[in-house]
Structure formats: C-alpha cells, structure tokens
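The values are calculated or read from the model by the stated rules, or taken from the named source; none is laboratory data. As the structure is a computational prediction, the values presented were derived from the model and not from experiment. Counting neighbours? That spans all protein chains shown, and the Cβs are built from the backbone with ideal geometry, glycine included. In case anyone asks, the SASA skips ligands and DNA or RNA and just uses the protein heavy atoms, side chains included. Shrake-Rupley method; radii C 1.70, N 1.55, O 1.52, S 1.80 Å.
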Amino acid sequence: MIKRIVKLGFKPENIEDFKNIFENSKLKIRGFEGCNYLELWQGKKDPTIFFTYSYWDSEAALNNYRNSPLFKEVWAKTKVLFNQKPEAWSVYSVDKVD
C-alpha cells in the first residue's frame, strides 16, 4: 500500500469552487478501484493551501486513477484555480506508534 499526499495552492477567491469540486468528486474518487482512503486537509495558518491524503493498493492502482476519465475531469476543473504549482509525494509507512 502507498499513501499519496498532494499539496494544492489556490487563489483565495477560488477556495469555495475547489471545495465544491471536491465535495462533488470525493465519493467517486474514494470508490475508484484501488483507493482505500481519502481525506482533504486545509492549512490552518494559510487557508489557501490544501492537501489531499489518500491510500492506494499500489502505484499501479494510483496510475490507473491518474489515467482515468474521472481524474482528467476533476483535474481539468481544479488546475485552473491554482495560484502555485501543485506538489505530490507517494510514500509508505516505515513505523507507527499507537
């Protein structure tokens, strides 16, 4: 399993538009084959910064999503709202303390 973190920065006037896009897409993304978890975070000090945090079965599952019509539709609506280039990381858990 991999975890995917994507940092997204938006123009202040576009925040509500992005939240609406996420709200309308989140169940489709979470229901995509290979996606096991999806969460959206917003910066506390800088509310124009958001992160998506998701779990995927594998890099192949993530790539299947990234090459899907769903991703292309959501990304086309989202990328026009940015105020900075997005950043993304695929990571895996090394240790966990409960």
Checklist entry - Which condition does Glu39 not pass, out of (1) under 12 Å from the mean Cα position of the chain (by Cα); (2) within 16 Å of Leu81 (Cα to Cα); (3) among the acidic types (Asp, Glu), if it passes all the others? => result (2)
Checklist entry - So which of Asp57, Asp46 is in contact (Cβ under 8 Å) with a residue 24 or more places away in the chain and of a type in the set (Asp, Glu)? => result Asp57
Checklist outcome for this item: For segment 26-46 the number of residues that are under 18 Å from Lys7 (Cβ atoms) and either aromatic (Phe, Trp, Tyr) or in contact with a strand residue (DSSP E or B) (Cβ under 9 Å, 6 or more places away or on another chain) (or both) is 10
Checklist entry - Is it the case that some residue within segment 30-50 is of a type in the set (A, V, I, L, M, F, W, C) and part of a helix (DSSP H, G or I)? => result no
Item to check | Close pairs from segment 73-85: first touching a residue at least 12 places away in the same chain (Cβ under 8 Å), partner in a loop (DSSP other than H, G, I, E, B), Cβ under 7 Å, at least 6 apart | outcome: Leu81/Lys11; Asn83/Lys11; Asn83/Thr48
Checklist outcome for this item: Flagged pairs (Cβ under 8 angstrom, 6 or more apart or on separate chains; first in segment 14-36, farther than 23 Å from Gln84 by Cβ; second open to solvent by 60 Å² or more (accessible area, probe 1.4 Å) and modelled with pLDDT under 95) are Asn36/Met1
Checklist entry - Of the residues that make up segment 59-79, is at least one closer than 25 Å to Val94 by Cβ, open to solvent by less than 30 Å² (accessible area, probe 1.4 Å) and among the aromatic types (Phe, Trp, Tyr)? => result yes
